[in-house]
Amino acid sequence: MTVAKRLGLASVALVSLGASAAYYAVTMAMRGHRVQTRNLNYLILGLVAALTSLLLLLFWRSVNRTVGSISRQLNQMARSKRLGLVMVEGCDEIAQVTQALNRLLTSLRDEMGRLRAEGRELQIQSRLAGAEKKHAEAVIFSISDAVVVTNRFDELLLANDAAETLLDFKLSHSLRKNIDYIVHDGALVRLIRETRSSRSNSARRVVEHSIDQKGRARTFSVTLSCVRTPGGEVSGVVTVLHDITREKEISQMKTDFVSSVSHELRTPLASIQAYVEMLVDGEAEDEDTRREFYQIMAGEADRLNRLIENILNISAIESGVVRIVREPVCLAQAAKDVLEVVLPQARAKSIELISRLGSPRRQVVADKDMIYRAILNLVSNALKYTAEGGAVTVSTNVDERREVAVCEVSDTGVGIAPEDLPHIFDKFYRAEGHARIAKGTGLGLALVKQIIETAHDGKLSVTSDAGRGSTFAFELPILQ
Amino acid sequence: MSKKVLVADDEAHILHVVSMKLANAGYEVITALDGEEAYELCLAESPDLVITDYQMPYLTGLELCKRLRRDKSTMQAPVLMLTARGFEIEQEEIIAAGVAATMTKPFSPREVLATVKRLLETDGKEATKRKAT
């Protein structure tokens, strides 16, 4: 029952009460009872007031109960943070309000659920994005090339360790700063700026650029890529600096090698040609001179052959083409074989050959022929550069602590000047004045180095006291 | 009187061939195995012509030539330089050093002799010209 209906009924009741009171009064008057109209009026008024108060009281209590229940339920929801429905009994007006309230609560509950799901989704996405960003950064940081990323205002966004070291700045102090203040290499800054502002559509530029690093000029291949938004706007530049100093050096070495080889090959060839012409022109008058010429020509042809052989050997080892037959080899035995072969040569020059060969029990895994060749080259060299009456010592021993077998060849020869020492294993390098002492292809020691270090992962070293002698030593890991 | 020629080369066989060719043609030949030795011999012997290799220990052919140009007793002697292909030298550098002629290895002893003759003749003509004026 609605409040309006109740009030309506109450007023009907009041009117009928008033009407009955009036009727009673009229009847009494007609019967002749003298009724005090004033008293009657007060009575009716009092009755009406009492009745109204009673009704109001009842109504108030009902409303209060319902509102209390609603607020209790709402409080309960607030506490539990769970939206539910408000349940109320009786009182129609309040029921209407609670229905509306329940609709509101339901839509709120749906909305909250949606927001929660959306929130979770966003959280997952942001975690994924964070991981992806970290991953992308890790990729950039792991690149050995220097990478510098700038935005469209030429401000630093990202740079890896290699870039920090190469361009000498700290990323943490430089983020969002203009590269003008970070990169001291003006030419590089100009390149980045040009790439960013260039109107041409070619997104990538590759430039060769030289940077001084610790006083040494290094050559870099700089790749500058303009990064654009899907709309075609320039959003920044990615600069990658790849060190090509080594490649350059190798290509220079190749050029030098070819020119050295052609020079070295041409020298004996020039002699042969010259002697042939002399013979043709009849310059050699007697048989003895002619025989001398033939001998020289044969010797030069031999030298040419040795040169080619050595060049092929070296390049075969260098390029890994040569087959290395690995087997247990005893350094002491190999050294002994070499000493036997060079003994006549040493006797002819009155050079004392001293052998200090350790126990042959410990072996290394190596190519027997190559190791023999390496020791032979070292001993031949020692004999070549040692004057008559000198001594050449060959020793082998095992360094148990470092687990290596060591072979040493030392002489009492001319020695090597300190400035020549770093180059002594270079191809065709001949120390100043050594050519006068002995003939050589300039490849013997280069071959030893290739055999020991490239083919066997060993170590070859030299110490020398100019004028007093040199010691060449190599070591190979021993067989366990 | 036979002309005196100094031949300097660190390759003994080249030295041998060239000196023999010149000696057979009637020149007086002195030899040196490096640049330093060649320079000292030039000062001592004042040769009429110098044949030198470019690549030599201690003193390159170019340095030797420059030194010879500076010294009064050797400045007249023309220098014939033997070079090896693959080690090209700047032409200006050769002219600046005062080299009279260059020949590339491998070379023909015949051509060396012809060049020596030519250089000594023009040198002689110039000398007579100088005397005449």
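The values are calculated or read from the model by the stated rules, or taken from the named source; none is laboratory data. Being a predicted model, the structure only gives us computed values, none of them experimental. For neighbour counting, all protein chains shown are included, and Cβ atoms are generated from backbone atoms with ideal geometry for every residue, glycine included. Areas reflect the complete protein model, heavy atoms only, side chains present, ligands, DNA and RNA absent. Shrake-Rupley method; radii C 1.70, N 1.55, O 1.52, S 1.80 Å.
Output the pairs from A:Lys254/A:Lys368; A:Lys177/A:Lys214; A:Lys349/A:Lys384; A:Lys368/A:Lys449; B:Lys4/B:Lys72; A:Lys248/A:Lys427 with a Cα-Cα distance over 20 Å in this structure; if there are none, say none. Over 20 Å apart, Cα to Cα: A:Lys254/A:Lys368; A:Lys177/A:Lys214. Once you order the gyration tensor axes a ≥ b ≥ c over the Cα atoms, which shape class does chain A get: rounded for a/c under 1.5, otherwise prolate or oblate by comparing a/b with b/c? The shape class here is prolate. The chymotrypsin sites (Phe, Trp or Tyr not before Pro) of segment A:127-176 meeting both criteria, a DSSP state outside H, G, I, E and B (loop) and at most 12 other C-beta atoms within 10 angstrom of the site's C-beta, are A:Phe153.
Interface size, chains A and B: roughly 2300 Å² of accessible area buried, both sides included, 1.4 Å probe, rounded to the nearest 100. Exposure check, 1.4 Å probe, all protein chains in place: B:Lys4 carries approximately 40 Å² of accessible surface.
Relative to the Cα centre, the charge distribution of segment A:143-243, modelled as +1 at Lys and Arg Cβ and -1 at Asp and Glu Cβ, gives a dipole magnitude of about 260 debye. Among the residues of A:254-267, the average count of other protein chain beta-carbon atoms within 10 Å of the residue beta-carbon is 3. The overall shape of segment A:160-204, judged from the alpha-carbon gyration tensor, is prolate: a/c is not under 1.5, and a/b is greater than b/c. The label point for A:Glu137 and the one for A:Tyr42, both projected 7 Å from the Cα toward the Cβ, are 9.4 nm apart. The Cα trace of chain B gives Rg and Dmax of 13.8, 44 Å, the first to one decimal, the second as a whole number. Take each residue of peptide B:33-43, count the partner chain Cβ atoms within 10 Å of its Cβ, and average: the result is 1. Considering all different alpha carbon pairs of segment A:351-406, the Kirkwood hydrodynamic radius works out to 12.8 Å. Over chain A, DSSP H runs of length four or greater, each weighted -39,500 (n - 2.57), average out per residue to a 222 nm ellipticity of -19000 deg cm²/dmol. Peptide B:10-19 has a mean of 5 when you count, residue by residue, the C-beta atoms of other protein chains within 10 Å of its C-beta. Of the chymotrypsin sites (Phe, Trp or Tyr not before Pro) found in segment A:180-288, none is in coil by DSSP with at most 13 other Cβ atoms within 10 Å of its Cβ.
When only alpha carbons are used to place a centre, segment A:324-369 and segment A:260-278 end up 35 Å from one another.
Burial annotation for segment A:272-293: residues with an accessible-area loss of at least 10 Å² between the isolated chain and the complete set of protein chains, computed on heavy atoms with a 1.4 Å probe, are A:Gln273, A:Ala274, A:Tyr275, A:Glu277, A:Met278, A:Asp281, A:Glu283, A:Glu285, A:Thr289, A:Glu292, A:Phe293. Per-residue surface analysis assigns A:His173 an accessible area of about 120 Å², computed on protein heavy atoms at 1.4 Å probe radius.
DSSP finds beta bridges in segment A:327-477, and of those with both partners inside it, around 80 percent are antiparallel. Using alpha-carbon positions, what is the distance between the centroids of segment A:184-228 and segment B:10-46, in Å? Using only Cα atoms, the two centres lie 57 Å from each other.
Computed over the alpha carbons of segment A:143-243, Rg followed by Dmax gives 12.9, 44 Å. How large is the Kirkwood hydrodynamic radius of segment A:248-319, in angstrom, based on all distinct alpha carbon pairs? After inverting the mean inverse Cα-Cα distance, the result is 14.0 Å.
Out of the GluC sites (Glu not before Pro) in segment B:35-101, which ones are loop residues according to DSSP with at most 11 other C-beta atoms within 10 Å? Passing both the DSSP loop test and the Cβ count: B:Glu88, B:Glu90.
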